[in-house]
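All remarks here apply to the structure that follows.
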Amino acid sequence: MLPVGTVDRVLEIPPRPWDVGWWEDGVGLGSPQGTVVLVARLDSVETYSKEVLPYEELFAQDGPGRVVPVTCGGTYRSSAGWDSDVVVTLTPVSTRSAD
């Protein structure tokens, strides 16, 4: 995740579509109070049909630390619910980079 700020009360968006920004004036992940604000581009989100969601990869407990929000997406039908899951993989970075 890249730290981002605000300019004239507008939240900065990370320049690269695969980066997720964390509002650096807010609280950090794991804080017992306050709001963690994350920002990403729409085209940086992976969408998987329910049948092919990579469970082993998403729920892996080894490897570097990360946060993986998963939510419903795709098409909604009242008889079956949502047909897909939307996944964002957040990994911390040590420095802000624009390359």
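Every number here is computed from the coordinates shown, using simple stated rules; none is lab data. The shown structure was predicted, so the numbers you read here are calculated from the model rather than taken from an experiment. Positions of Cβ are backbone-derived with ideal geometry, glycine not excepted, and every protein chain shown enters the neighbour counts.
Using Cβ contacts closer than 10 Å as the measure, can you line up SER44, SER31, SER78 from fewest to most?
Least crowded to most crowded, the residues run SER78, SER31, SER44.
Taking a quarter of the surface of the Cα convex hull of the chain, what do you get in nm²?
8.6 nm²
Note down the net charge around ASP43, summing +1 for each Lys or Arg and -1 for each Asp or Glu among other residues with Cβ under 12 Å from its Cβ.
0
Give the Rg/Rh ratio for segment 1-53, taking Rg as the radius of gyration of the Cα atoms and Rh as the Kirkwood radius, to two decimals.
Checking Rg against Rh, the ratio lands at 1.08.
Using a simple spin-label model with points 7 Å from Cα along the Cα→Cβ vector, what separation in nm is obtained for THR35 and VAL7?
2.3 nm
To the nearest 500 deg cm²/dmol, what mean residue ellipticity at 222 nm is calculated for the chain from DSSP H runs of n ≥ 4 alone, each contributing -39,500 (n - 2.57), summed and divided by the residues?
The helix-only estimate for the chain comes to -500 deg cm²/dmol at 222 nm.
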